[in-house]
Amino acid sequence: MMEGIQTPGVDRRKFLKLATALPVVGGIIATVSPLLRLLKPNVERFGIYAPIRNDAPRGDVTVAATLSEVARPWDFKYFVFTQKYPQYTPEGFKAANVPGVVVRLPYKIRLPLSWVGDVGLEAKVIESDIYVCSRVCPHLGCIFNYVPNWEEVTAAYGGYVPPPNRRHALMACPCHLSIYDPADRDVPGRVLSGPAPRPPRTFVFEIQGENIVVTVVEPGGIA
């Protein structure tokens, strides 16, 4: 008959355990938070639950080219994008310049921007005859060139002879002779020759009036 009756002592014990645990948890937070901020000054106050929130690289919005500068097929323009990476000092960031190239293609392609959703962004332009990529070679980080004449690729970049359907402007790395096709319909920036393990990393861009504005570059290093 006494099975359904709960004794007050049970609730009292739970309360005492909770009352004892709260100061302990509070003490841990009060100790760990300043220690974490000492090691990582860019962590927000009491932000130990999200210590890498401010670690995403940030870039300066950059006018990469104007539409008139790349008005015709195979026109191109080099530019430099400033990428800021978090560092664990009071200054908070270190800057690195990422060289890029804008290329006007003779036809529209679906831009390789599958990575954009992974960083919590949304691309305004997903199909275009404008292709914008980093010039950092994914092999070992050399700076590759845009080569308007494919015959120059054959003569000066290891002797690669593209098939007839690729005899147009290409991109070529002078260090280890990787060759890329910016106009490949299926894989823009496809590696045609050389040791590069993947196409160059791409930029998110949008058209603002006459300007082609880049806002972020695909994250990741070489390879």
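The table that follows gives values for the structure above.
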| item | result |
| --- | --- |
| Any strands (runs of 3 or more DSSP E) falling wholly within segment 45-162 and containing at least 2 residues that are of a type in the set (Ser, Thr, Tyr) and at pLDDT 95 or above | 127-134 |
| Test: residue in segment 163-171 that is surrounded by fewer than 16 Cβ atoms within 10 Å (Cβ to Cβ) and either in a loop (DSSP other than H, G, I, E, B) or of a type in the set (Asp, Glu) (or both) | yes |
| Members of segment 185-207 that are surrounded by fewer than 22 Cβ atoms within 10 Å (Cβ to Cβ), in a loop (DSSP other than H, G, I, E, B) and either without any contact (Cβ under 8 Å) to a residue 60 or more places away in the chain or polar (S, T, N, Q) (or both) | Asp186, Gly194, Pro195, Pro197 |
| Top-ranked residue of segment 208-223 - restricted to ones that are in contact with a Phe, Trp or Tyr (Cβ under 9 Å, 6 or more places away or on another chain) and surrounded by 14 or more Cβ atoms within 10 Å (Cβ to Cβ), ranked as farthest from Ala71 (Cα to Cα) | Glu218 |
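The values are calculated or read from the model by the stated rules, or taken from the named source; none is laboratory data. Keep in mind that what you see is a predicted model, and the values were worked out from it rather than measured. For neighbour counting, all protein chains shown are included, and Cβ atoms are generated from backbone atoms with ideal geometry for every residue, glycine included.
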